[in-house]
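The values are calculated or read from the model by the stated rules, or taken from the named source; none is laboratory data. Worth saying up front: this structure is predicted, and the values here are computed from it rather than measured. Here the Cβ positions follow ideal geometry from the backbone for every residue, glycine too, while neighbour counts run over all protein chains shown. Ligands, DNA and RNA are excluded from the accessible area calculation, which covers all protein heavy atoms including side chains. Shrake-Rupley method; radii C 1.70, N 1.55, O 1.52, S 1.80 Å.
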Amino acid sequence: MKAPVSWIREYVDLPAGVSTEDLAHRLTALGLKLESIHRAGSDITGPLVVGRVLTMDAEPQKNGKTINWCTVDVGHANGSGEPQGIVCGAHNFAPGDLVVVVLPGGVLPGGFEISARKTYGHVSAGMICSARELGLGDDHAGIIVLPPGAGEPGDDAFDVLHLREDVIEFEINPDRAYALSVRGIARDAALGYDAAFTDPASRSTPAPDDHGYPVVVDDPAGCPVFVARSVSGFDPAAPTPDWMARRLTQAGMRPISLAVDVTNYVMLELGHPIHGYDRDQLAGPIRVRRATEGEHLTTLDGTERVLSAEDLVVTDDSGPIGLGGVMGGRTTEMSATTTRVLVEVASWDPVSMFRTGRRHKLTSEAGKRNERGVDPTIPEAAADRVVELLVAHGGATADPGVTKVGEAPARPAIQIAADLPARVTGMEIETARVVECLTAIGCNVDGDEDLVVVPPPWRRDLTDPFDLVEEVARVVGYDQVPSVVPAAPAGRGLTQGQRLRRRVGRTLAGAGFVEVLTFPFVGVEAFDSLGLEVDDSRRTALRLANPLSTEAPLMTTTLLPGLLETASRNQGRGNDDLALFEIATVTLPQPGMVAPILPVDRRPTEGEWDDLQKALPDQPLHLGLVLTGACEPGGWWGGGRPVSWSDAVEGVRQVGESLGLTVDVRAGRQAPWHPGRCAEIVLTDASGSGRVLGHAGELHPRVCKAFGVPPRTAVAEVDLTALLDHAVAVVAAPPLSAYPVAKEDVALVVADDVPAETLARTLREGAGELCESVRLFDVYTGEQIGTGRKSLAFALRFRAPDRTLTEPETAAARDAAVALAAQRHGAEQRT
């Protein structure tokens, strides 16, 4: 919304010293966001004066163009007082007319410098200007002809053309529709400076009677108020006054004709859209109704539109003649022959207007205001103002009779505690100040501690107590809100689950992993790439009703697709050595559960709430790991070590240790892991029963190829929620002994299907409490131990907290460990 400052000052008594910048800053503080400040003529320098055309000689040229060689009286502005010789190509003026002349030395918009130069056989000392050349509009067909008495030759044309008038442009939020008018902006300006405000809509209007043009409203909900006035004897050739055309141009609208310009001017002034009909083209009474499906209407823009049954239309006996509140029809358009004008000022339902505009892809200045909601109490004043201007400038006569159908609906009262603005904003705002602020914006306020507030009719956005809090805050000043950091309530902080989750993240980061976040959406192709069987439970995924991408409409049941795509993307960018982890939820829908559709006008009952909860899918927290490339880099110190399946297992082990848990590992088989290099991650509870939390190991070659990651990529995925449920809140530090460690090594021959981890666990159990650690340091297979067998060498370390162990003690512990391994696994000790 562009508002000339001079227009604002007509309605508000601003202090004389208030600059345009000060006014824009204050209005911005009140919620009207400044877009820019326009200064017409700010890019014009040098002498710009009023001139009187003395002579005008037409001179045809060889190129077919006719120019005018003019002598122009510019007074003493040229220093000599002699007439100025100027060549002009326009023909819309005559000797004796007053024109605008820029003399040599002047600079026009765009850096166009004016000098005395020879052209068409004459020395042209200046330029007679058009509106476009001065940046006042797009009209370049003819030069500006000033009205008689506009000035004397040599007078400064800046003042005559009002080129030094400032225009403030605001970006108006949808909830502040009142500010799409000079009336609304001026009201806020008066509020900001506590200045007197003159409401342009406050005027004495004739009372409605039965002599006006007949109007019937069949849909009062869609059109609560309809006012009609008419004038006769209007001169369609009457020019638009310069001041009106100038203000329309400053506000960003193009002057068209007096009748149209008057309706646009009053709309900008009061904020209420107005439509004018050629009364002689109307056939019978006006009726407001919903359109019949498939009806046709040609609107003012020349487009034939097929109407919907939801559209509000204005009709006469010939059918639809306008889309109510959006755009009029072509058949009743005011034209160059219109002498009788019917003025319509109606209040329309904003929602209906919005839907009609979007349905027909039609935007207009009227629709922009109607769809946001206008003041329904001023149609009579707006119509009277239009009639006044048509009579004053178009020679028209106001016809007797005023039509008014309907009344503005009453605004519902809002109850608000007087101390609510203070509690919300943190400012010390007394009750009297709250009442003062709400009254200043136009509200009626009753009550003491509990206020009953009726918002003004032009503020349809005020519907609840917190809207009123915002109004009080903006009037008092947002800059007065104290910058106070709220004190944290005692006893609050991270939950136990949050602390444990952070512990997991820190552990993995310390082990060299980098956390990533991926989208939780997948397509069926991701499950195919993982090699999941048709009946695999992970294929049962929740389908989104409105997915971001049709290629990924499912909520993922595993973190691996996102992690592997991330690894592949990094590989494509040259990052070969990767250790990535992600902690996120997966979605596991319950078969057969459907969420009930509940009404929105009340809270759910306890039973309905329980049904909703039952329909929610399980969303456990999972931990996913992906490792590619080198685990240990090579260099001058020796060769590096590539990632193997054991690194994925070790990552899960470290997470378990950080949570105070010992996870066991056993051979497993699960897609998408390599069948012979897949480990089940098992958590054993106090009863001795184990729960499979997930799997770790080497990715299947086909899966590596499908996702574009290197062969032998290692991955792991476990149920982190289950780990966190059994986690130890405070992990005790390992005991330290000042006594020396006793070392024993054993090599056991077992069948090759016995996992090393299982054998190590048995040795630890058999060695008893003196055993500090068991570590596998060698694996051997060969002819010496026979086919189908392998030799596993373990380093056993023993230590006591209170003494130095003797050789018989460590030997006994070692023998007990070997004996238990022989008993359970048929292990034979190599000598």
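If you go through region 298-308 one residue at a time, do you hit one that is more than 39 Å from the chain's Cα centre (by Cα), at pLDDT below 95, within 23 Å of G222 (Cα to Cα) and open to solvent by less than 10 Å² (accessible area, probe 1.4 Å)?
The answer is no, given that none of the residues of region 298-308 is more than 39 Å from the chain's Cα centre (by Cα), at pLDDT below 95, within 23 Å of G222 (Cα to Cα) and open to solvent by less than 10 Å² (accessible area, probe 1.4 Å).
Looking at R9, is it touching a strand residue (DSSP E or B) at 6+ places or on another chain (Cβ under 9 Å) and either of a type outside the set (F, W, Y) or in a strand (DSSP E or B) (or both)?
So R9 does not fit the description; no.
Hey, among V314, V288, V266, which residue is among the β-branched types (V, I, T) and in a helix (DSSP H, G or I)?
Going through V314, V288, V266 in turn, just one is among the β-branched types (V, I, T) and in a helix (DSSP H, G or I): V266.
Can you pull out the residues in region 772-811 that are under 11 Å from K743 (Cβ atoms) and among the β-branched types (V, I, T)?
Across region 772-811, the qualifying residue is only T810.
Would you confirm whether or not region 421-444 contains a residue that is free of Cβ contacts under 8 Å to residues at least 40 places away in the same chain and in a strand (DSSP E or B)?
yes
Just the residues that are open to solvent by less than 20 Å² (accessible area, probe 1.4 Å), more than 46 Å from the chain's Cα centre (by Cα), of a type outside the set (F, W, Y) and farther than 30 Å from L134 by Cβ, please, taken from region 213-242.
V231
Would you check if A410 is among the small types (G, A, S) and either open to solvent by less than 30 Å² (accessible area, probe 1.4 Å) or more than 30 Å from V476 (Cβ to Cβ) (or both)?
So A410 does not fit the description; no.
Within region 730-825, which strands (runs of 3 or more DSSP E) (wholly inside it) include 2 or more residues that are of a type outside the set (A, V, I, L, M, F, W, C) and open to solvent by 60 Å² or more (accessible area, probe 1.4 Å)?
742-751, 771-780
Test D461 against the stated conditions and say whether it is surrounded by fewer than 18 Cβ atoms within 10 Å (Cβ to Cβ), of a type outside the set (G, A, S) and in a helix (DSSP H, G or I).
no
Among (1) of a type in the set (A, V, I, L, M, F, W, C); (2) more than 24 Å from L163 (Cβ to Cβ); (3) not in a helix (DSSP H, G or I), there is one condition M253 misses while meeting the rest; what is its number?
(2)
Determine, yes or no, whether V709 is open to solvent by less than 40 Å² (accessible area, probe 1.4 Å) and not in a loop (DSSP other than H, G, I, E, B).
no
Among the numbered conditions (1) free of Cβ contacts under 8 Å to residues at least 40 places away in the same chain; (2) surrounded by fewer than 15 Cβ atoms within 10 Å (Cβ to Cβ), tell me where A245 comes up short.
Every listed condition holds for A245 apart from (2).
With exposed (fewer than 15 other Cβ atoms within 10 Å of the Cβ), among the charged types (D, E, K, R) and within 16 Å of A579 (Cβ to Cβ) as the only criterion, which of E515, E533 stands out?
When all the criteria are applied, what remains is E515.
Within region 330-396, considering only helices (runs of 4 or more DSSP H) that don't extend past its boundaries, which have at least 3 residues that are free of Cβ contacts under 8 Å to residues at least 60 places away in the same chain?
Qualifying helices (runs of 4 or more DSSP H): 350-359.
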